[in-house]
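One structure is given here, and the rest of the page talks about it.
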Amino acid sequence: MLSFEDSYHGQLRKLVGNRRLILPSTRAIIRDAHGRVLLVRRSDNAAWVMPAGTLELDESVLDCLKREVKEETGLDVVAATPIAIYSEPRFAFTNAYGGQHQMLSIVFRIDAWTGTLTTVTSETSNARFFALDELPELPALYHETLADVQRFDGTLIVK
């Protein structure tokens, strides 16, 4: 696993400071046999989020998805379906360190996975499956993502 400073994102931040960047990223919607959704708790700000992260140089989008899921959950992605691309300026945000981002995120529904869930990693302090009616506090974007996966009919959702 790369340190932030060695990652493509970290290298760009070193050059441009907190100026707004567009960084391609992936996000995983992982559900168990009971329909519960997997969330991880970030160790840097304690927020519950879906497994996600930015693309590295010389990496495909699918490889990024697999790497991020493995790093944050210990699970191996076997099959995944892209359900949405989020790029609207309304998804812009400032991270906990002051870095500004305009999102370009490809959201995947994980159709098959293997492995044992790791609850604590170098990036996360917890990981668990939540029933949709028992979710912890989440940003509105994640509620929108969960609604999108429910309405996904095979046609890529572009926002």
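The values are calculated or read from the model by the stated rules, or taken from the named source; none is laboratory data. Since this is a predicted model, take the numbers as computed values, not measurements. As a convention, Cβ positions derive from the backbone with ideal geometry for all residues, glycine included, and neighbour counts pool all protein chains shown. Calculation scope for accessible area: heavy atoms of the full protein, side chains included, ligands and nucleic acids excluded. Shrake-Rupley method; radii C 1.70, N 1.55, O 1.52, S 1.80 Å.
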Which residue is nearest to the chain's Cα centre (by Cα), if the candidates are limited to the range 72-119 and must be of a type in the set (Gly, Ala, Ser) and under 13 Å from Ile22 (Cβ atoms)? Ser105
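Which of the residues that make up the range 32-43 are of a type outside the set (Ser, Thr, Tyr), part of a loop (DSSP other than H, G, I, E, B) and open to solvent by 50 Å² or more (accessible area, probe 1.4 Å)?
Correct list: Ala33, His34, Arg36.
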Looking for whichever is closer than 19 Å to Leu12 by Cβ, surrounded by fewer than 15 Cβ atoms within 10 Å (Cβ to Cβ) and either of a type in the set (Ser, Thr, Tyr) or touching a Ser or Thr at 6+ places or on another chain (Cβ under 6 Å) (or both) here; the options are Thr94, Thr116, Thr54. Which one fits? Thr94
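Let's see how each residue does on (1) farther than 20 Å from Ala46 by Cβ; (2) touching a residue at least 40 places away in the same chain (Cβ under 8 Å); (3) open to solvent by 80 Å² or more (accessible area, probe 1.4 Å):
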| site | (1), (2), (3) |
| --- | --- |
| Thr121 | no, yes, no |
| Ala131 | yes, yes, no |
| Pro136 | no, yes, no |
| Ala147 | yes, no, no |
| Gln150 | yes, no, yes |
| Leu156 | yes, yes, no |
Out of the residues in the range 1-21 that are closer than 27 Å to Ala79 by Cα and among the aliphatic types (A, V, I, L, M), state the one that is modelled with the highest pLDDT. Leu2
What is the residue count in the range 97-113 for residues that are in contact with a Pro (Cβ under 8 Å, 6 or more places away or on another chain), open to solvent by 30 Å² or more (accessible area, probe 1.4 Å) and among the hydrophobic types (A, V, I, L, M, F, W, C)? 2
When you go through (1) assigned to a strand (DSSP E or B); (2) under 21 Å from Asp6 (Cα atoms) one by one for Ala80, which number turns out not to apply? (2)
Can Glu59 be described as over 19 Å from Phe129 (Cα atoms), acidic (Asp, Glu) and open to solvent by 30 Å² or more (accessible area, probe 1.4 Å)? yes
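Table: residues versus (1) part of a strand (DSSP E or B); (2) aliphatic (A, V, I, L, M).
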site	(1), (2)
Gly10	no, no
Pro24	yes, no
Ile30	yes, yes
Asn45	no, no
Leu57	no, yes
Leu65	no, yes
Glu72	no, no
Filter result (open to solvent by 20 Å² or more (accessible area, probe 1.4 Å) and either closer than 23 Å to Thr118 by Cβ or in contact with a His (Cβ under 7 Å, 6 or more places away or on another chain) (or both)) within the range 65-91: Lys66, Arg67, Lys70, Glu71, Asp76, Val78, Ala79, Ala80
Which members of the range 7-31 meet the condition of being free of Cβ contacts under 8 Å to residues at least 12 places away in the same chain and open to solvent by 90 Å² or more (accessible area, probe 1.4 Å)? Lys14, Leu15
Can you pull out every residue in the range 96-115 that is assigned to a strand (DSSP E or B), at pLDDT 95 or above and not β-branched (Val, Ile, Thr)? Leu104, Ser105, Phe108, Arg109, Asp111, Ala112, Trp113
